[in-house]
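Engineer: My structure is below; once you've seen it, I'll send some questions.
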Amino acid sequence: MSDDKPTGFVSDRTVDTDGVVGARWWNQALIEADKSSSRRGCLKVLGIGALSVVTCKAICGEVSCGDDEVDMSLYAFESRRSLELQRAYGWDFGATGEPLVFDGVETTPFDPMMIAGLEQDLSPTVFASLHVPTLLQSPNAVPTGRPAEETAPFEPLASKLRPISTPAMQLAYARGRELARLLAAATARVALVVDLPGPESVALAAGAAEVFEPVFLFDNWPHPHGVVPSHLVLAAALHYQPLFVKARAVRRLSRLPMFLLDRARLANYTDLANQFDNRYIARLPSLPAVQTAAQEQVQWLLYVVNRASDLPELDDLNDAFVGWQAASVPVRALSLDVFTSASDGSVSYSGSDSPLPQQFLADYPEDGGGGGVDVGIGIGGGDANPARSYKPSSRTTTYRSGAPFDFGTTSVVLAAGTSAVLGARYDRRGSWNRTGG
Amino acid sequence: MNHKIFAMELCIRMRDEGLSRHLREIVRNHPRTVSFAEKWEMYRSVRALLKANLGDAVKGCWDFFDEDGKARSDFNMWCEGLFTEEGARAVPSGSGDPTRDPRYMTFTMAFLLQASAPSVETLSERCNIPEAKLWQRGTFAYLLEQLGHLNFGSVKGDVVYVIPGADGWALTNEDLALEKFHYLRDIE
C-alpha cells in the first residue's frame with residue numbers, strides 16, 4: 001500500500017451568506033478509487049488484461065491498481081474487555097454461526113424451556129449478595145447492538161446449549177455427595193472453595209448441594225473460540241438443574257457456602273489470532289462479607305482440587321486465602337483423588353470402608369486444625385493425602401492488584417473515522433482480513 | 001462504484017438565535033481538509049445539538065435510497081439546494097415574536113454513500129422504518145443515533161448547510177408555506 005494514498009475529505013465548495021451557511025466535501029480515497037475503476041474499465045475495453053499491472057501503471061501513471069489490497073487506513077485497532085464486547089454485541093462476537101463444541105453425552109430428555117429458569121434455579125438464597133451471576137445471565141442475554149460488519153442475525157446462546165454428562169462429572173458428583181456427608185457429620189462451620197474444571201465443579205456442587213449452598217463465581221460468558229470453555233459449565237448446570245432445585249428444598253437455609261470456580265479461568269493460551277480471551281479472575285468474597293451473609297462465624301475454609309499437584313492455590317486466590325488465614329480462619333486443602341471408587345459407583349474417603357467420618361475428621365478436625373507447614377507444596381512422599389498438609393502462604397503473583405494488562409480482552413477493529421466497532425480482529429469474515437492473494 | 005444516499009433536513013422553531021449560531025459555527029469551523037475522525041466528530045456535535053433540540057422541530061424529511069442513479073441525482077439536488085441558496089430568504093426577516101410571529105431555521109445534511117460497505121448496509125437496514133412511523137419525532141432521533149455508526153471511509157461525499165446564515169434572516173411561517181418547502185413533512 002502506498003503511504004501517499006489520499007485519505008480524508010476535501011471541501012470543493014462553500015457558501016457563507018446571510019441566507020445560508022454550508023459546504024460540500026468529497027472523500028479523496030473514494031474519488032480516486034472511482035477514477036481507477038474508470039481507467040480499468042477503459043483498459044478492458046482496449047483488450048488489456050486485468051493482470052497487466054505494469055502496463056496499467058505505464059498507461060495510467062498510477063502507483064498501483066491494488067484491487068485486492070485492504071486499505072488499513074480505514075481501520076483502527078484496540079483491546080476491549082471481552083465480556084463488555086459480548087454484552088454489547090452478542091455472546092458470539094466475531095464468530096457468529098460458529099458452533100460450540102460439547103463433550104459428553106446427555107441421554108435423559110431435556111426440555112429447552114428449562115434454560116429460561118436456569119439463573120433463578122441456581123442462584124443462592126442465603127449468599128445471594130456474594131453470587132456472581134455473569135455466566136448464568138449469558139444464555140438469555142440480548143445484545144444492545146451488533147458489530148457494524150456483522151450481517152447475520154443474532155441467535156441467543158440459549159438456542160445453542162444442551163446438557164452434558166461425562167464420566168468425570170459423574171465421579172465429581174459422587175465425591176461431592178460423600179464430601180458433604182462427611183462434613184455434615186461433623187458440626188464444623190466450613191466454607192468450600194471448589195476449584196475444578198468447570199463442569200466438575202458444578203457436578204460436585206450438585207452432589208453436595210443438600211448441605212452446602214452453591215455460590216457461582218463464574219465471571220465470564222461462553223464463546224465459540226473461548227479460551228475458557230464455559231459453555232460446558234452451563235451444559236453441566238443444565239444437566240444438574242433438577243437436582244439443584246430438589247437440593248434447595250432439602251437444604252433450606254444452609255449457612256454453609258460452597259464457592260464454585262472453573263480451574264480453566266486463568267488458562268494460558270498462545271493462539272492470539274484465533275482464540276477469544278474470556279478468562280477471568282476469581283471474585284472470592286472477603287471473610288467479613290461471608291460472615292455477614294452467613295450471619296455467623298465460618299470456622300475454616302476447605303479448598304477442593306482434583307489432585308495434590310493442583311496445589312498451591314491458583315494465583316488469583318492467594319491474597320484472599322492468606323487474608324482468611326490471617327483472620328484466624330484456617331484454610332485447608334482437599335484433593336479429591338483421596339476418594340476411592342467402588343465398583344458400584346460409590347466413593348469413600350481415603351479407602352475407608354467405614355461409613356463413619358473418623359478418618360476424615362482425623363485429617364480435618366472440626367476446628368480446621370492440622371494444616372501442615374507452609375506449602376511450596378513439598379508434599380511428603382508416601383503420604384496418602386498430601387494435600388492435608390497444605391497451608392497458604394503469601395507470594396507475589398501477577399494478580400495481586402487485579403487482572404494483568406490485556407487479560408480477558410479482545411482486539412477489535414474500529415472504523416477509523418467513527419470509532420464504531422466493526423468486528424473482532426481475528427474474524428476472518430471481516431473486510432480488514434480480506435487481503436489479496 | 002455504486003451509491004446510496006442518506007439525507008435529513010430538520011426545520012426547528014427558534015427560541016433564540018443560539019442553536020442556529022452554534023450550528024453555523026460548527027459548519028464554518030469544519031476545515032477544508034478533514035480526516036475521517038474529524039468528520040465523524042463534526043457530525044457527533046451536530047447530532048447532539050439536533051437531538052437536544054428535537055422537541056422544537058416542527059417539520060422535517062429524511063431519505064434513504066439505494067438505487068445508484070437516484071442516489072447520485074438526489075445528492076446533486078441536495079447540493080444544489082445549497083449552491084443556489086434555494087431555501088434561503090432574499091431579505092432579512094427580523095427577530096419576530098416567539099408566540100405570534102415565530103422564526104425557524106433548517107439544518108440539512110446529505111451523504112453520498114458507497115454501496116455494499118458494511119456500515120452503509122447497516123444504515124440501510126436501520127432506515128427500513130414502517131410507514132406509520134416515518135415522520136415521528138422518535139424516528140428522527142433514532143436515525144440521528146444511527147448516523148453515529150456510519151464509517152466515513154464509506155462516505156463518498158457530504159453536504160451540510162444551515163438556514164439562516166445570519167441573525168435576523170430566519171425563516172417565517174410564510175416562508176414555510178411556500179411550495180418550495182412542501183417536501184418538508186410535519187413531524188408527529
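The values are calculated or read from the model by the stated rules, or taken from the named source; none is laboratory data. Fair warning: this is a prediction, and the values are worked out from it, not measured in the lab. Glycine gets a Cβ as well: all are built from the backbone with ideal geometry, and neighbour counts include every protein chain shown.
Engineer: Can you give me the number of residues within the range A:213-232 that are surrounded by 24 or more Cβ atoms within 10 Å (Cβ to Cβ) and either touching a Pro at 6+ places or on another chain (Cβ under 6 Å) or over 19 Å from A:I281 (Cβ atoms) (or both)?
Structural biologist: 6
Engineer: Out of all the residues in the range A:331-354, which are in contact with a strand residue (DSSP E or B) (Cβ under 9 Å, 6 or more places away or on another chain) and free of Cβ contacts under 8 Å to residues at least 24 places away in the same chain?
Structural biologist: Of everything in the range A:331-354, those that are in contact with a strand residue (DSSP E or B) (Cβ under 9 Å, 6 or more places away or on another chain) and free of Cβ contacts under 8 Å to residues at least 24 places away in the same chain turn out to be A:T340, A:A342, A:S352, A:S354.
Engineer: Inspect the range B:118-130 for any residue being facing chain A (nearest Cβ under 8 Å), within 26 Å of B:L19 (Cα to Cα), part of a helix (DSSP H, G or I) and at pLDDT below 90 and give the result as yes or no. Give the steps one after another, and end with the answer.
Structural biologist: Looking only at the range B:118-130, we keep the residues that are facing chain A (nearest Cβ under 8 Å), and these are B:118-119, B:121-122.
If we keep only those that are within 26 Å of B:L19 (Cα to Cα) as well, we get none.
No, every residue in the range B:118-130 fails to be facing chain A (nearest Cβ under 8 Å), within 26 Å of B:L19 (Cα to Cα), part of a helix (DSSP H, G or I) and at pLDDT below 90.
Engineer: Which one of these does A:R80 not meet: (1) modelled with pLDDT under 80; (2) part of a strand (DSSP E or B)?
Structural biologist: Evaluating A:R80 over (1) modelled with pLDDT under 80; (2) part of a strand (DSSP E or B) leaves (1) as the failure.
Engineer: Now for a different question. Is it true that some residue in the range A:289-303 is small (G, A, S) and either within 24 Å of A:A172 (Cα to Cα) or not in a helix (DSSP H, G or I) (or both)? Show your work before the answer.
Structural biologist: Pass one, the range A:289-303, residues small (G, A, S): A:289, A:293-294.
Restricting the remaining residues to those that are either within 24 Å of A:A172 (Cα to Cα) or not in a helix (DSSP H, G or I) (or both) gives none.
No, there is no match, as no residue in the range A:289-303 is small (G, A, S) and either within 24 Å of A:A172 (Cα to Cα) or not in a helix (DSSP H, G or I) (or both).
Engineer: Take A:V142 and tell me if it is at pLDDT 90 or above, away from chain B (no Cβ under 14 Å), out of contact with any strand residue (DSSP E or B) (no Cβ under 9 Å at 6 or more places or on another chain) and loosely packed, with under 15 Cβ neighbours inside 10 Å.
Structural biologist: Working: at pLDDT 90 or above: yes; away from chain B (no Cβ under 14 Å): yes; out of contact with any strand residue (DSSP E or B) (no Cβ under 9 Å at 6 or more places or on another chain): yes; loosely packed, with under 15 Cβ neighbours inside 10 Å: yes.
Spelling it out, A:V142 is indeed at pLDDT 90 or above, away from chain B (no Cβ under 14 Å), out of contact with any strand residue (DSSP E or B) (no Cβ under 9 Å at 6 or more places or on another chain) and loosely packed, with under 15 Cβ neighbours inside 10 Å.
Engineer: Next question, about the same structure. Of the residues that make up the range B:168-179, is at least one under 22 Å from B:V58 (Cβ atoms), in a strand (DSSP E or B), more than 7 Å from every other protein chain (Cβ to nearest Cβ) and within 16 Å of the chain's Cα centre (by Cα)? Talk me through it step by step, then tell me what you get.
Structural biologist: From the range B:168-179, those under 22 Å from B:V58 (Cβ atoms) are B:168-179; that's our starting set.
Restricting the remaining residues to those that are in a strand (DSSP E or B) gives B:171.
Right, trim to more than 7 Å from every other protein chain (Cβ to nearest Cβ) and you get B:171.
When the remaining residues are screened for being within 16 Å of the chain's Cα centre (by Cα), the result is B:171.
Yes, the range B:168-179 contains a residue that is under 22 Å from B:V58 (Cβ atoms), in a strand (DSSP E or B), more than 7 Å from every other protein chain (Cβ to nearest Cβ) and within 16 Å of the chain's Cα centre (by Cα).
Engineer: All but one of (1) modelled with pLDDT of 90 or more; (2) more than 22 Å from A:N278 (Cα to Cα) hold for A:Y75, so report the exception by its number.
Structural biologist: If we test A:Y75 against (1) modelled with pLDDT of 90 or more; (2) more than 22 Å from A:N278 (Cα to Cα), just (1) comes out false.
Engineer: Scanning for something surrounded by fewer than 21 Cβ atoms within 10 Å (Cβ to Cβ), under 30 Å from A:F9 (Cβ atoms) and in contact (Cβ under 8 Å) with a residue 24 or more places away in the chain, does the range B:90-113 turn up at least one residue?
Structural biologist: Pass one, the range B:90-113, residues surrounded by fewer than 21 Cβ atoms within 10 Å (Cβ to Cβ): B:90-102.
Applying the additional criterion that residues be under 30 Å from A:F9 (Cβ atoms) yields none.
Taking every residue of the range B:90-113 in turn, none turns out to be surrounded by fewer than 21 Cβ atoms within 10 Å (Cβ to Cβ), under 30 Å from A:F9 (Cβ atoms) and in contact (Cβ under 8 Å) with a residue 24 or more places away in the chain.
Residue by residue, here is whether (1) buried (at least 19 other Cβ atoms within 10 Å of the Cβ); (2) under 19 Å from A:V190 (Cβ atoms); (3) among the polar types (S, T, N, Q) holds:
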site: A:Q241; (1), (2), (3): yes, no, yes
site: A:K246; (1), (2), (3): no, no, no
site: A:D262; (1), (2), (3): yes, no, no
site: A:F276; (1), (2), (3): yes, no, no
site: A:R283; (1), (2), (3): no, no, no
site: A:Q295; (1), (2), (3): no, yes, yes
site: A:N318; (1), (2), (3): yes, no, yes
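Engineer: Among the residues of the range A:305-315, are any closer than 17 Å to A:V215 by Cα and not in a helix (DSSP H, G or I)? Quick ask: steps written out before the conclusion?
Structural biologist: As a first pass, look at the range A:305-315 and keep what is closer than 17 Å to A:V215 by Cα: A:305.
Imposing the further condition that a residue be not in a helix (DSSP H, G or I) reduces the set to A:305.
Yes, some residue in the range A:305-315 is closer than 17 Å to A:V215 by Cα and not in a helix (DSSP H, G or I).
Engineer: Taking the criterion of being within 23 Å of the chain's Cα centre (by Cα) and over 30 Å from A:S411 (Cβ atoms), would at least one residue in the range A:173-185 satisfy it? Break it down stepwise before answering.
Structural biologist: Our first condition is that a residue be within 23 Å of the chain's Cα centre (by Cα); within the range A:173-185, this holds for A:173.
Imposing the further condition that a residue be over 30 Å from A:S411 (Cβ atoms) reduces the set to A:173.
Yes; the residues of the range A:173-185 include at least one that is within 23 Å of the chain's Cα centre (by Cα) and over 30 Å from A:S411 (Cβ atoms).
Engineer: Please specify each residue of the range B:140-161 satisfying the condition of being more than 27 Å from A:D12 (Cα to Cα) and either part of a strand (DSSP E or B) or free of Cβ contacts under 8 Å to residues at least 24 places away in the same chain (or both).
Structural biologist: B:Y142
Engineer: Filter the range A:326-354 for residues that are part of a loop (DSSP other than H, G, I, E, B) and closer than 24 Å to A:Q299 by Cα and give the result.
Structural biologist: Just the residues of the range A:326-354 that are part of a loop (DSSP other than H, G, I, E, B), to begin with: A:327-330, A:342-346, A:350-354.
Across the range A:326-354, the qualifying residues are A:A327, A:S328, A:V329, A:P330, A:S350.
Engineer: I need a count of the residues in the range A:11-25 that are at the interface with chain B (Cβ under 7 Å from one of its Cβ atoms), surrounded by fewer than 19 Cβ atoms within 10 Å (Cβ to Cβ) and either assigned to a loop (DSSP other than H, G, I, E, B) or out of contact with any helix residue (DSSP H, G or I) (no Cβ under 8 Å at 6 or more places or on another chain) (or both).
Structural biologist: 3
Engineer: Give B:Y161, B:Y183 a once-over and let me know the one that is surrounded by fewer than 23 Cβ atoms within 10 Å (Cβ to Cβ) and either within 20 Å of B:K70 (Cα to Cα) or within 18 Å of the chain's Cα centre (by Cα) (or both).
Structural biologist: On the way: B:Y161 fails: surrounded by fewer than 23 Cβ atoms within 10 Å (Cβ to Cβ).
Exactly one residue qualifies, and that residue is B:Y183.
Engineer: Any residue in the range B:69-84 that is touching a Cys at 6+ places or on another chain (Cβ under 9 Å), crowded, with 23+ Cβ neighbours inside 10 Å and within 28 Å of A:G19 (Cβ to Cβ)?
Structural biologist: At the first step, the residues of the range B:69-84 found to be touching a Cys at 6+ places or on another chain (Cβ under 9 Å) are none.
The answer is no, given that none of the residues of the range B:69-84 is touching a Cys at 6+ places or on another chain (Cβ under 9 Å), crowded, with 23+ Cβ neighbours inside 10 Å and within 28 Å of A:G19 (Cβ to Cβ).
Engineer: Among the residues of the range A:230-257, what is the count of those that are touching a strand residue (DSSP E or B) at 6+ places or on another chain (Cβ under 9 Å), part of a loop (DSSP other than H, G, I, E, B) and modelled with pLDDT under 95?
Structural biologist: The number of residues fulfilling the criteria is 4.
Engineer: Something else: Could you please let me know if A:L361 is closer than 14 Å to A:V193 by Cα and either surrounded by 12 or more Cβ atoms within 10 Å (Cβ to Cβ) or not aromatic (F, W, Y) (or both)? Write out each step before concluding.
Structural biologist: Numbers: closer than 14 Å to A:V193 by Cα: no; either surrounded by 12 or more Cβ atoms within 10 Å (Cβ to Cβ) or not aromatic (F, W, Y) (or both): yes.
Judged against the criteria, A:L361 is not a match.
Engineer: Another question about this same structure. If a residue has to be at pLDDT below 95 and within 14 Å of chain A (Cβ to nearest Cβ) to count, how many in the range B:6-16 make the cut?
Structural biologist: So the count comes out to 0.
Engineer: How many of the residues making up the range B:56-75 are touching a strand residue (DSSP E or B) at 6+ places or on another chain (Cβ under 6 Å) and outside any helix (DSSP H, G or I)?
Structural biologist: Final tally of qualifying residues: 10.
Engineer: Of all residues being touching a strand residue (DSSP E or B) at 6+ places or on another chain (Cβ under 6 Å) and outside any loop (DSSP other than H, G, I, E, B) in the range A:145-181, which is farthest from B:V120 (Cα to Cα)? Just the residue, please.
Structural biologist: First, pick out the residues of the range A:145-181 that are touching a strand residue (DSSP E or B) at 6+ places or on another chain (Cβ under 6 Å): A:147-149, A:174-175, A:178.
In the following step, the residues that additionally are outside any loop (DSSP other than H, G, I, E, B) were identified as A:174-175, A:178.
Details: A:A174: 56, A:R175: 57, A:E178: 60 Å.
Checked the range A:145-181; the qualifying residue farthest from B:V120 (Cα to Cα) is A:E178.
Here is a yes/no grid of residues against (1) of a type in the set (K, R); (2) touching a helix residue (DSSP H, G or I) at 6+ places or on another chain (Cβ under 7 Å); (3) at the interface with chain A (Cβ under 9 Å from one of its Cβ atoms):
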{"residue": "B:G18", "(1), (2), (3)": "no, no, no"}
{"residue": "B:R21", "(1), (2), (3)": "yes, no, no"}
{"residue": "B:V27", "(1), (2), (3)": "no, no, yes"}
{"residue": "B:F36", "(1), (2), (3)": "no, yes, yes"}
{"residue": "B:K39", "(1), (2), (3)": "yes, yes, yes"}
{"residue": "B:V46", "(1), (2), (3)": "no, yes, no"}
{"residue": "B:N53", "(1), (2), (3)": "no, yes, no"}
{"residue": "B:D56", "(1), (2), (3)": "no, no, no"}
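Engineer: Mind listing just one residue for me: the one in the range B:131-145 that is under 16 Å from the mean Cα position of the chain (by Cα) and surrounded by fewer than 18 Cβ atoms within 10 Å (Cβ to Cβ) and, of those, nearest to the other protein chains (Cβ to nearest Cβ)? Don't jump to the end; show me each part of the working.
Structural biologist: Our first condition is that a residue be under 16 Å from the mean Cα position of the chain (by Cα); within the range B:131-145, this holds for B:134-145.
Within this subset, residues satisfying the condition of being surrounded by fewer than 18 Cβ atoms within 10 Å (Cβ to Cβ) are B:134, B:136-138, B:141-142, B:145.
Numbers: B:L134: 23, B:Q136: 21, B:R137: 22, B:G138: 17, B:A141: 16, B:Y142: 13, B:E145: 10 Å.
The selected residue is B:E145.
Engineer: Whether any residue in the range B:90-112 is in contact with a His (Cβ under 6 Å, 6 or more places away or on another chain) and either within 14 Å of chain A (Cβ to nearest Cβ) or at pLDDT 90 or above (or both) is what I want to check.
Structural biologist: Taking the range B:90-112 as the starting set, the residues that turn out to be in contact with a His (Cβ under 6 Å, 6 or more places away or on another chain) are B:112.
Now drop any that are not either within 14 Å of chain A (Cβ to nearest Cβ) or at pLDDT 90 or above (or both), which leaves B:112.
For the range B:90-112, residues in contact with a His (Cβ under 6 Å, 6 or more places away or on another chain) and either within 14 Å of chain A (Cβ to nearest Cβ) or at pLDDT 90 or above (or both): present.
Engineer: Quick one: would you say A:V190 is surrounded by 20 or more Cβ atoms within 10 Å (Cβ to Cβ) and either among the small types (G, A, S) or under 20 Å from the mean Cα position of the chain (by Cα) (or both)? First the steps, then the outcome.
Structural biologist: On the way: surrounded by 20 or more Cβ atoms within 10 Å (Cβ to Cβ): yes; either among the small types (G, A, S) or under 20 Å from the mean Cα position of the chain (by Cα) (or both): no.
Considered against the rule, which asks whether it is surrounded by 20 or more Cβ atoms within 10 Å (Cβ to Cβ) and either among the small types (G, A, S) or under 20 Å from the mean Cα position of the chain (by Cα) (or both), A:V190 comes out as no.
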